[in-house]
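The next block holds one structure in the form of structure tokens; read it before the comments.
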Amino acid sequence: KQEVTQIPAALSVPEGENLVLNCSFTDSAIYNLQWFRQDPGKGLTSLLLIQSSQREQTSGRLNASLDKSSGRSTLYIAASQPGDSATYLCAVSSTGANSKLTFGKGITLSVRP
Amino acid sequence: ETGVTQSPTHLIKTRGQQVTLRCSSQSGHNTVSWYQQALGQGPQFIFQYYREEENGRGNFPPRFSGLQFPNYSSELNVNALELDDSALYLCASSFGFNEKLFFGSGTQLSVL
């Protein structure tokens, strides 16, 4: 059974800091890995999707890496801003007949002005 | 191009009642997935529909049922509501499975 872990549960940083959010998963037989952002009481916004054959993806100030063999992914946020404050969730899609995503519990990020 | 829309946004029900949640998929998408997100938890997979057929189900009891229509919109029905069913219900669409999912804003269900 796939399990996804995100530690710590919460993080507070000053504005401008570069930061790394970690995600680990137990079964390396994944199809892809996605990072999502969720604002309080809202739906999920996909930030980056990494296919199992890829090592990293970049979008603006965000960079996500994937090490499938060790079951780890990181989301790097450069020059953090107060608007980056949200919960960041990592999810893996296992190989199989559907795109069921297994999510971690998320990391709640607060960027202090 | 319209995104994924869900209705209603909020709903309050009493234990034992039945509820229907609705989802309109993004234009061109033929796959809809439903997730339940309890407070402080990550979303949990309920089931997926592909071209009007159920294509995978998570660890949810049969009182959670669904439907996908020819226009690929979808419904989630929950019978005999329990207090633990209180959660944010998220719908996501994609073009085929194992493709990038686009989520709606969710329906917040409270069961009293």
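The values are calculated or read from the model by the stated rules, or taken from the named source; none is laboratory data. Owing to the predicted nature of the structure, the values given are computational and were not obtained by experimental measurement. Neighbour counts run over all protein chains shown; Cβ positions are idealised from the backbone, glycine included. Areas reflect the complete protein model, heavy atoms only, side chains present, ligands, DNA and RNA absent. Shrake-Rupley method; radii C 1.70, N 1.55, O 1.52, S 1.80 Å.
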What are the residues in region A:44-66 that are open to solvent by less than 50 Å² (accessible area, probe 1.4 Å) and either in contact with a Gly (Cβ under 9 Å, 6 or more places away or on another chain) or over 29 Å from residue B:5 (Cα atoms) (or both), if any? A:44, A:52, A:65, A:66
Could you check region A:15-35 and list, in sequence order, the residues that are touching a strand residue (DSSP E or B) at 6+ places or on another chain (Cβ under 8 Å), open to solvent by less than 50 Å² (accessible area, probe 1.4 Å) and in contact (Cβ under 8 Å) with a residue 60 or more places away in the chain? A:19, A:21, A:23, A:25, A:29, A:30, A:32, A:33, A:34
Starting from region A:43-56, keep only residues that are without any contact (Cβ under 8 Å) to a residue 60 or more places away in the chain, then list their pairs with residues that are charged (D, E, K, R) and open to solvent by 40 Å² or more (accessible area, probe 1.4 Å) whose Cβ atoms are within a distance under 7 Å, requiring at least 6 positions of separation or different chains. A:45/A:37; A:46/B:100; A:47/A:37; A:49/B:100; A:50/A:56; A:52/A:68
Going by what's in this entry, would residue B:86 be described as free of Cβ contacts under 8 Å to residues at least 60 places away in the same chain and farther than 17 Å from residue A:100 by Cα? yes
Of a type in the set (Gly, Ala, Ser), open to solvent by 60 Å² or more (accessible area, probe 1.4 Å) and either more than 24 Å from residue B:38 (Cα to Cα) or in contact (Cβ under 8 Å) with a residue 60 or more places away in the chain (or both): does that describe residue A:71? no
Looking at residue B:26, is it within 14 Å of chain A (Cβ to nearest Cβ), closer than 29 Å to residue A:40 by Cβ, open to solvent by 30 Å² or more (accessible area, probe 1.4 Å) and assigned to a loop (DSSP other than H, G, I, E, B)? no
Taking the conditions exactly as written (within 10 Å of chain A (Cβ to nearest Cβ) and on the phi > 0 side of the Ramachandran plot), does residue B:56 satisfy them or not? yes
State whether the residues of region B:44-57 include one that is under 25 Å from residue A:30 (Cβ atoms), assigned to a loop (DSSP other than H, G, I, E, B) and open to solvent by less than 30 Å² (accessible area, probe 1.4 Å). no
Listing of strands (runs of 3 or more DSSP E) fully contained in region A:71-113 that carry 2 or more residues being more than 9 Å from chain B (Cβ to nearest Cβ): A:72-77, A:86-94, A:107-112
Taking only region B:16-53 into account, find how many residues are in contact with a strand residue (DSSP E or B) (Cβ under 6 Å, 6 or more places away or on another chain) and touching a residue at least 24 places away in the same chain (Cβ under 8 Å). 22
Report yes if some residue within region B:69-82 is within 14 Å of another protein chain (Cβ to nearest Cβ), open to solvent by less than 20 Å² (accessible area, probe 1.4 Å) and in contact (Cβ under 8 Å) with a residue 24 or more places away in the chain; otherwise report no. no
